[in-house]
Amino acid sequence: MEGQEWRGEWQQPRQNDGVSASQCPRSSSGFILSQSLVERLGRDHEQPGLPTLHHPIRDNSTCERSAYSPLQALSESTCRDHGAQPAPPPQPTLPRVQSSSQNVTLHPAVSRCTATLELAALWRSFHELGTEMIVTKAGRRMFPALQARLGGLLPNAQYLLLVDFVPLDDKRYRYAFHSSSWVVAGKADPISPPRFHLHPDSPAPGSHWMRQLVSFDKLKLTNNQLDDNGHIILNSMHRYQPRLHVVYLPGEGQAATPGTVPYRTFVFPETGFTAVTAYQNHRITQLKIASNPFAKGFRDCDPDD
């Protein structure tokens with residue numbers, strides 16, 4: 001695809017089939033995430049069954065990936081180049097890298113891209129307990145916020161950064177207080193059309209993304225199925241996995257390399273969580289209060305309050 005056509009997909013305001021098109025707030029020209037790229041990132045591909053994901057949440061259950069998720073577009077590799085030999089399971093601090101198929105070739109602008117999760121130790125502390133994230137009708141910010149440090153980008157090339165959330169399985173859960181564990185409560189509820197959260201600095205050169213911490217602290221989660229504020233819509237009592245997408249945006253008049261994928265997706269397994277309307281595990285509540293700088297008022301309260 002010619003670079004001009006690829007760039008045009010991001011400049012033409014479009015909204016189709018109820019799929020949210022996140023608007024970049026730093027531009028007054030209506031810079032819109034188009035349906036075309038949503039389909040590129042979210043298109044299902046014919047491929048062998050994806051591996052199972054292990055969830056160390058007390059019951060040590062294993063939740064299988066299924067065709068339930070409409071965003072299982074990008075097949076998984078474990079932080080290795082596409083087409084390379086299988087690598088050992090990644091360390092907790094390393095993200096999984098996803099691509100659109102098993103035999104794709106990454107565009108040179110993203111082939112060396114790396115992403116390191118910020119506050120990885122804190123994320124692991126929550127993950128060991130079974131991370132929970134609050135969803136509300138009005139929208140609630142995540143804590144910890146999803147933050148990463150990027151490397152390997154071309155300093156003068158333009159990139160867009162997006163985040164989306166995919167179901168970890170096709171199940172609904174409930175918290176069993178007598179055993180302090182999550183148990184399967186049935187099949188998952190129908191999911192809403194997929195939404196992407198576009199980082200407000202997008203698009204920006206690689207030098208911009210690499211010289212500072214990339215934070216998605218403005219991202220909000222909601223359980224309002226009719227939300228029109230651009231928040232990420234999730235179902236309560238379901239498990240989700242955030243994904244970070246680094247998308248190369250060719251300049252005007254530049255042609256994209258034929259046969260290559262101009263984006264790279266990173267998944268940090270320790271950032272998976274269960275969406276809830278109120279914290280179920282009291283240890284999660286305690287850890288959030290202890291580690292959230294904005295929760296000082298709760299720490300100063302009497303323990304019985």
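Within the span defined as region 198-217, one or more residues are part of a loop (DSSP other than H, G, I, E, B), more than 19 Å from the chain's Cα centre (by Cα) and not hydrophobic (A, V, I, L, M, F, W, C).
Criterion applied to Glu128, Glu132, Glu118 was being more than 19 Å from the chain's Cα centre (by Cα) and either open to solvent by less than 10 Å² (accessible area, probe 1.4 Å) or charged (D, E, K, R) (or both), and the one residue passing it is Glu128.
Show the residue pairs meeting these rules: Cβ distance below 6 Å; 6+ apart or different chains; first residue within region 243-262 and in contact (Cβ under 8 Å) with a residue 12 or more places away in the chain; second residue among the small types (Gly, Ala, Ser) and in a loop (DSSP other than H, G, I, E, B). Matching pairs, first to second residue: Tyr248/Ala109; Pro250/Ala256; Val261/Ser100; Pro262/Ala256. The residue that is nearest to Leu226 (Cα to Cα), counting only those in region 157-195 that are in a strand (DSSP E or B) and charged (D, E, K, R), is Asp164. In region 124-140 there is at least one residue that is of a type in the set (Lys, Arg), touching a residue at least 24 places away in the same chain (Cβ under 8 Å) and not in a strand (DSSP E or B).
Taking region 140-161 as the range and being in contact with a helix residue (DSSP H, G or I) (Cβ under 8 Å, 6 or more places away or on another chain), of a type in the set (A, V, I, L, M, F, W, C) and within 18 Å of Gln241 (Cα to Cα) as the test, the residues that pass are Phe143, Leu146, Leu161. When residues in region 254-281 are screened for being open to solvent by 10 Å² or more (accessible area, probe 1.4 Å) and among the hydrophobic types (A, V, I, L, M, F, W, C), 4 of them pass.
The condition (being farther than 21 Å from Thr136 by Cβ, open to solvent by 10 Å² or more (accessible area, probe 1.4 Å), assigned to a loop (DSSP other than H, G, I, E, B) and out of contact with any Leu (no Cβ under 8 Å at 6 or more places or on another chain)) is satisfied by just one residue among Gly251, Gly230: Gly251.
Could you tell me whether region 86-97 includes any residue that is surrounded by 14 or more Cβ atoms within 10 Å (Cβ to Cβ), at pLDDT 50 or above and in a loop (DSSP other than H, G, I, E, B)? The answer is yes, given that some residue of region 86-97 is surrounded by 14 or more Cβ atoms within 10 Å (Cβ to Cβ), at pLDDT 50 or above and in a loop (DSSP other than H, G, I, E, B). Restricting Gln254, Gln280 to those that are out of contact with any strand residue (DSSP E or B) (no Cβ under 6 Å at 6 or more places or on another chain), more than 19 Å from Asp169 (Cα to Cα) and of a type outside the set (A, V, I, L, M, F, W, C) reduces the list to Gln254.
The values are calculated or read from the model by the stated rules, or taken from the named source; none is laboratory data. This structure is a prediction, so every number in the text was calculated from the model and none was measured. Glycine gets a Cβ as well: all are built from the backbone with ideal geometry, and neighbour counts include every protein chain shown. For the accessible areas, the whole protein counts, side chains as well, though only heavy atoms, and no ligand, DNA or RNA atoms are used. Shrake-Rupley method; radii C 1.70, N 1.55, O 1.52, S 1.80 Å.
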